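The structure under discussion appears below in the form of structure tokens.
The values are calculated or read from the model by the stated rules, or taken from the named source; none is laboratory data. Keep in mind that what you see is a predicted model, and the values were worked out from it rather than measured. Because the Cβ atoms are built from the backbone with ideal geometry, glycine has one as well, and the counts that use them run over all protein chains shown.
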Amino acid sequence: MANDETRLLEVLRAELEFIEKGGYRNSARAAWRPHFMFQDSPTCLNFDPTQPRKSCSDCALMQLIPEDAQGRKVPCRYIPLNEQGQTIDTFYRTGTQVELEAAVVQWLKATIERLEREDAQTPQTQATPEVHVKAKFV
């Protein structure tokens, strides 16, 4: 599995665990406002406000964001979650937090399963290590 895909799987698994443990509901972080999916998760590159901001283009989730949404201020809000093309942004405008979390959990499980299946079907190449020997013939 390529490093990008490995990192993506790590991020998706961590996000699923965070949601299933009630991370968005039980957080004291910014209790005065709604919690934003992915942005208020430890999986976000900019989760720690005391650290310098990083570009969203460095995030593993960028692999899942449609090209036309990658330049937006918060691109992870535009990941298609289902066949209807609903995104996190869609749920912010038309759904509830419960509906959003359910859709994201379902999407995370399906995406993790798909990536694991693809990895299992990809032949693992075992490269023969190169041996470099310096020899002196006398």
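Are any residues in the range 37-72 of a type in the set (Phe, Trp, Tyr) and either free of Cβ contacts under 8 Å to residues at least 40 places away in the same chain or touching an Asp or Glu at 6+ places or on another chain (Cβ under 6 Å) (or both), and if so, which ones?
Of everything in the range 37-72, just one residue is of a type in the set (Phe, Trp, Tyr) and either free of Cβ contacts under 8 Å to residues at least 40 places away in the same chain or touching an Asp or Glu at 6+ places or on another chain (Cβ under 6 Å) (or both), namely Phe47.
Report yes if some residue within the range 73-88 is in contact (Cβ under 8 Å) with a residue 24 or more places away in the chain, within 20 Å of Glu17 (Cβ to Cβ), of a type outside the set (Gly, Ala, Ser) and touching a Ser or Thr at 6+ places or on another chain (Cβ under 7 Å); otherwise report no.
Just the residues of the range 73-88 that are in contact (Cβ under 8 Å) with a residue 24 or more places away in the chain, to begin with: 74, 76-77, 79, 81-82, 88.
From what's left, within 20 Å of Glu17 (Cβ to Cβ): 76, 79, 81, 88.
Of the ones still in play, those that are also of a type outside the set (Gly, Ala, Ser) are 76, 79, 81, 88.
Still in the running and touching a Ser or Thr at 6+ places or on another chain (Cβ under 7 Å): 79, 81.
Yes; the residues of the range 73-88 include at least one that is in contact (Cβ under 8 Å) with a residue 24 or more places away in the chain, within 20 Å of Glu17 (Cβ to Cβ), of a type outside the set (Gly, Ala, Ser) and touching a Ser or Thr at 6+ places or on another chain (Cβ under 7 Å).
Could you grab me the full set of residues in the range 66-102 that are in contact with a Cys (Cβ under 9 Å, 6 or more places away or on another chain) and loosely packed, with under 10 Cβ neighbours inside 10 Å?
Lys73
State all residues of the range 3-19 that are surrounded by 15 or more Cβ atoms within 10 Å (Cβ to Cβ), of a type outside the set (Val, Ile, Thr) and either without any contact (Cβ under 8 Å) to a residue 24 or more places away in the chain or touching an Asp or Glu at 6+ places or on another chain (Cβ under 8 Å) (or both); if no residue qualifies, say none.
Residues satisfying the conditions are Glu5, Leu9.
Which one is farthest from Ile112 (Cα to Cα) among residues in the range 8-51 that are basic (Lys, Arg) and modelled with pLDDT under 90? Can you show your working first?
Step one: filter the range 8-51 for residues basic (Lys, Arg), giving 13, 21, 25, 29, 33.
Those still in the list that are modelled with pLDDT under 90 too: 21, 25, 29, 33.
Numbers: Lys21: 18, Arg25: 23, Arg29: 27, Arg33: 30 Å.
That would be Arg33.
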